[in-house]
1. Quick one: with all protein chains in place, what share of the accessible area of the chain is carbon or sulfur, to the nearest percent (1.4 Å probe)?
2. Can you divide the C-alpha Rg of the range 59-137 by 2.2 N^0.38 Å and report the result to two decimal places?
3. Run the paramagnetic zone check for Ala80: 7 angstrom along Cα to Cβ, then residues of the range 102-118 with backbone nitrogen under 14 Å.
4. Describe numerically, in nm with one decimal, the distance between label points set 7 Å from Cα along Cα→Cβ at Asn73 and at Ile12.
5. Taking Cα pairs under 8 Å and at least six residues apart, what relative contact order does the range 44-137 come out at, in percent?
6. Counting only heavy atoms of the protein chains, get the accessible area per residue of the chain (1.4 Å probe) and round it to a whole Å² value.
7. State which helices in the chain qualify, where a helix is a whole DSSP H run, it must extend 24 Å or more along its own axis by its Cα atoms, and its mean Kyte-Doolittle hydropathy must be at least -1.0.
8. Write out the trypsin sites (Lys or Arg not before Pro) in the range 18-127 meeting two conditions: DSSP loop, and at most 15 other Cβ atoms within 10 Å of their Cβ.
Amino acid sequence: MRRKKRGNKSRIVIILFFIVLLFLGVNLISSRNKIVDINPKDVDYVEIIGFKTGNMKTINDKRSVEKIVKNLNKLRGKQANKDTNAEITNYINVYFTSGNKISFVKTGLTLRVNNIYYNISSRNSRIIENIIEDFGR
C-alpha cells in the first residue's frame, strides 16, 4: 500500500516538473525576437498614416488603442541593417501619456522602430497592413 502511495506521489511530482518546464520553455520561445512590449494603459493615443489609404487618422478610443497595441506586441523580427527599399511606406505612431512616442515605419518586409531596423516575416507585415486598413479609414 505504501509503495503505491509513493509511486503516485513521485508521478505527480514528475508531471508537475514537466508542466513547469513546458511553461518556462513556451515563455522563453514566445519572447524571442519580440520587437516591442507596450502596456496599453500607458498609451494616450495612436496615429496612423497610410499611404495606400491616403490619409492620416488619430485614434483615441481606448478599445481600439488596446487592439492596436495588442497587435503591435505580436510583432517579431530580427535586427537588420538599414533598408533602402523605396516601396510604399506606412507609419504608426504610438504616443504615451508620459509624452514619449514610438514610431513604426513599414517598408516592404522591413520595419523601423525608433530608427532600429528589423527584418519581418510576411505574417508580421500583414499585421501592420491590417492595422492600417482596419483603423486608418
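The values are calculated or read from the model by the stated rules, or taken from the named source; none is laboratory data. Note that the coordinates shown come from a computational prediction; the quantities given were computed from them, not determined experimentally. Note that each Cβ is placed from the backbone with ideal geometry, even for glycine, and that neighbours are counted across all protein chains shown. We work out accessible area using only protein heavy atoms, side chains counted, and drop any ligands, DNA or RNA first. Shrake-Rupley method; radii C 1.70, N 1.55, O 1.52, S 1.80 Å.
1. C and S fraction of accessible area: 53 percent.
2. That ratio works out to 1.07.
3. Correct set: 105-113, 116-118.
4. Distance between the two pseudo-spin positions: 3.4 nm.
5. Working: 162 pairs, mean separation 31.8, N = 94.
Relative CO of the range 44-137 lands at 34 percent.
6. Ligands and nucleic acids excluded, the result is 70 Å² per residue.
7. Answer set is 2-30.
8. Arg32, Lys52, Lys74, Lys82
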